[in-house]
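Asker: Before we start, here is the structure in question, set down as structure tokens.
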There are 2 protein chains.
Amino acid sequence: MRMTATDSTLKPDSPLDDIRVVLVETSHPGNLGGVARAMKVMGLARLYLVNPRCEIDAEARARASGAVDVLDRAVVCDTLDAALHGAILTAATTSRRRDLPHPAYTPRQAAPELLARARIGPVALVFGSETYGLSNTQLAKCQWLINIPANPDYMSLNLAAAVQVLAYELRCTLEDAVLPLPAFETARHEEVEALLAELETVLTAIGFLDPRHPKRLMPRLRRFFARAGLEKEEVAIWRGILNAVRGRS
Amino acid sequence: MRMTATDSTLKPDSPLDDIRVVLVETSHPGNLGGVARAMKVMGLARLYLVNPRCEIDAEARARASGAVDVLDRAVVCDTLDAALHGAILTAATTSRRRDLPHPAYTPRQAAPELLARARIGPVALVFGSETYGLSNTQLAKCQWLINIPANPDYMSLNLAAAVQVLAYELRCTLEDAVLPLPAFETARHEEVEALLAELETVLTAIGFLDPRHPKRLMPRLRRFFARAGLEKEEVAIWRGILNAVRGRS
């Protein structure tokens with residue numbers, strides 16, 4: 001199934017309805033089924049597959065058991081950006097240490113805020129491929145990292161097991177969730193990406209960023225903006241500033 | 001993922017070493033492997049198989065991935081009593097409501113006490129077969145029930161997924177689930193103030209901020225920077241950007 005408008009037209013009864021599980025380049029059909037089952041058993045339903053390296057085949061359906069409907073409604077995307085389109089919070093699950101850490105939380109730490117945001121708009125939980133995890137480029141598109149505690153001697157959490165842990169935390173937390181009142185409208189993934197692209201262009205134009213030697217500038221700025229969590233109006237302010245800078249350069 | 005002081009203390013005397021996972025009449029080899037992996041990734045190692053209805057075969061080993069050692073050391077028993085021998089606390093995992101008046105807890109409620117008891121002697125977590133769960137006779141041999149929260153419309157938690165949830169809870173509870181903050185140096189008040197003053201000057205110079213009609217621009221930008229929480233190095237980056245802009249204006 002391709003991306004449709006149904007995402008925005010569905011009215012969520014539960015914040016779980018607005019939480020996407022985004023699987024990037026999954027290679028084992030059994031894991032697709034295992035993930036679907038792990039989701040449904042905790043009340044999640046929105047599965048996104050970015051460039052899947054396998055089919056939703058008989059093995060996937062067998063492992064999905066009674067959650068075949070989650071597989072059947074999975075949205076297949078060509079790019080991570082497409083799967084994150086419209087999301088107001090994006091979180092990558094990873095076990096790797098990163099030298100430029102995004103805000104990083106355990107599932108338990110993250111769950112209350114994930115649910116609170118999901119009451120406002122789509123929230124995406126991103127899981128990398130079984131073999132390679134997520135690339136740095138893919139990670140950079142996510143605002144948060146979620147680190148699942150694990151045995152330091154063997155951290156190889158199965159993909160469906162990782163989804164199970166996150167889904168379980170969300171369900172457990174839901175019962176105690178307090179609803180904070182959002183005073184401002186959060187920017188969506190594509191708005192933030194567009195702003196960062198514009199920022200990169202302007203920084204290059206004014207000679208601050210040398211495209212041949214970019215160093216770690218854009219990753220650092222990405223991390224800064226991710227930590228702040230942009231609101232729609234702030235995106236407009238920053239775009240205004242960039243336009244004004246561009247007009248002078 | 002990180003190594004903390006807590007992790008190293010898990011090694012010799014961890015209560016996880018004295019927690020048994022007891023699988024009763026498991027029928028799918030893939031689940032045996034999935035359980036072994038789910039255990040090892042959270043630091044559990046003691047697997048007991050009561051009357052297994054399948055072999056530890058190639059599929060089991062494939063699903064176990066790097067946790068084949070847990071399978072190889074599994075203790076096979078003829079009776080549940082044999083698997084529970086020596087245990088000082090026995091807890092049955094079930095999703096079904098039971099009439100039996102066992103104390104029933106969620107994994108999160110149970111985890112601290114399970115760990116506390118495991119420091120004294122063996123603790124057993126008992127999981128029924130994929131199709132039939134645990135019989136009333138088997139349940140009656142356990143002191144506690146552990147109910148994993150689930151979607152009331154679809155409570156069919158996979159066996160390995162159930163073990164994963166319990167093992168995850170035990171590990172989180174043991175680690176206290178707090179991530180150390182990233183080791184970046186936070187900017188001090190006066191550095192942030194100087195940056196904001198510079199920003200105001202530059203925004204005025206490029207014509208974006210009209211000092212006669214400043215509106216709410218600087219308060220909004222202040223709020224944005226405050227939310228991000230500037231680090232020292234980020235202050236330097238932003239000052240560099242402002243210098244580059246000023247050089248062009």
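Asker: From Cα pairs below 8 angstrom and at least 6 apart in sequence, can you work out the relative contact order of the range A:108-176, rounded to a whole percent? Present the calculation step by step, with values, prior to reporting the outcome.
Answerer: Details: 20 pairs, mean separation 38.2, N = 69.
Taking the mean separation of contacting Cα pairs over the length of the range A:108-176, I get 55 percent.
Asker: For the range A:6-176, go through all pairs of different Cα atoms, get the mean of 1/r, take its inverse, and jot down that Kirkwood value in Å.
Answerer: Values: mean 1/r = 0.0634 Å⁻¹.
Result for the range A:6-176 stands at 15.8 Å.
Asker: Going 7 Å from Cα along the Cα-Cβ axis for the label, what nanometre distances separate B:Pro112 from the same residue across the other copies?
Answerer: From this label point to the equivalent ones elsewhere in the assembly: 1.6 nm.
Asker: Quote the FRET efficiency, to the nearest 0.05, computed for B:Asp69 versus A:Val76 with a Förster distance R0 of 30 Å and r equal to the Cβ-Cβ distance.
Answerer: On the way: r = 37 Å, r/R0 = 1.25.
Working from the Cβ atoms, E equals 0.20.
Asker: Related question: Say a label goes 7 Å from Cα toward Cβ at B:Asp72 in every copy; what distances in nm does this one have to the rest, shortest first?
Answerer: Nearest to farthest, the other copies are at 4.4 nm.
Asker: Another question, then. Any idea what the relative contact order of the range B:189-248 is, in percent, if you count C-alpha pairs under 8 Å spaced at least 6 apart? The partial results should precede the final answer.
Answerer: On the way: 20 pairs, mean separation 31.4, N = 60.
Contact order relative to length: 52 percent.
Asker: Before rounding to the nearest 500, sum -39500 (n - 2.57) across all DSSP H runs of length at least 4 in chain A and divide by the residue total; then give [θ] at 222 nm in deg cm²/dmol.
Answerer: Working: 11 runs with 116 residues, N = 249.
It comes out at -14000 deg cm²/dmol, rounded to the nearest 500.
Asker: Return P(r) of the range B:189-248 (all Cα-Cα pairs; 5 Å bins starting at 0; whole %; ordered from short to long distances).
Answerer: Bin by bin from 0 Å, the calculated values are 4, 18, 29, 25, 17, 7, 0.
Asker: For a footprinting-style exposure proxy, rank A:Met42, B:Met218 by other Cβ within 10 Å, fewest first.
Answerer: On the way: A:Met42 28, B:Met218 15.
Ordered by Cβ neighbours within 10 Å, fewest first: B:Met218, A:Met42.
Asker: Take peptides A:151-163, A:72-84 and line them up by average Cβ neighbours within 10 Å, highest first, as a rough protection proxy. Before the final figure, lay out each step's value.
Answerer: Details: A:151-163: 21.9, A:72-84: 18.1.
So the peptides A:151-163, A:72-84, ranked by packing, come out A:151-163, A:72-84.
Asker: Which distances, in nm and shortest first, link the A:Thr137 label point to the same label point in every other copy, taking 7 Å along Cα→Cβ?
Answerer: In ascending order, 6.2 nm.
Asker: Filter the cross-link list A:Lys40/B:Lys40; B:Lys40/B:Lys141; A:Lys215/B:Lys232; A:Lys141/B:Lys232 down to pairs whose alpha-carbon distance in this structure exceeds 21 Å.
Answerer: Numbers: A:Lys40/B:Lys40 25 Å; B:Lys40/B:Lys141 26 Å; A:Lys215/B:Lys232 18 Å; A:Lys141/B:Lys232 23 Å.
Flagged as over cut-off: A:Lys40/B:Lys40; B:Lys40/B:Lys141; A:Lys141/B:Lys232.
Asker: Ignore the peptide's own chain and count Cβ atoms of other chains within 10 Å of each Cβ in B:29-41; give me the average, rounded. Walk me through the numbers on the way to the answer.
Answerer: Details: counts 0, 4, 0, 0, 1, 6, 0, 0, 5, 6, 2, 6, 14.
Shielding by partners across B:29-41 averages 3.
Asker: So, one more: Please tell me the relative contact order of chain B in percent, rounded to the nearest whole number, where contacts are Cα pairs under 8 Å and at least six residues apart. All intermediate terms of the calculation are to be shown ahead of the outcome.
Answerer: Details: 356 pairs, mean separation 50.6, N = 249.
Over chain B, the number comes to 20 percent.
Asker: Average partner chain C-beta neighbours within 10 Å, per residue of A:235-242? Write out the running numbers ahead of the final one.
Answerer: Details: counts 0, 0, 6, 2, 0, 3, 9, 1.
That works out to 3 on average.
Asker: Out of the DSSP beta bridges found with both residues in the protein assembly as shown, what percent are antiparallel (nearest 5)?
Answerer: Working: 6 of 52 bridges.
Around 10 percent antiparallel, to the nearest 5.
Asker: Would you list A:Lys141, B:Lys141 from fewest to most Cβ contacts within 10 Å? It would help to have the intermediate numbers written out before the result.
Answerer: Numbers: A:Lys141 23, B:Lys141 17.
The order, fewest Cβ neighbours first, is B:Lys141, A:Lys141.
Asker: Based on the Cβ-Cβ distance from B:Arg246 to A:Glu198, what FRET efficiency comes out when R0 is 22 Å, to the nearest 0.05?
Answerer: 0.65
Each value in this text was obtained by applying a stated rule to the coordinates, not by laboratory testing. These numbers were taken from a predicted model, which means no experiment stands behind them. Every residue, glycine as well, gets a Cβ built from its backbone with ideal geometry; the counts of neighbours run over all protein chains shown.
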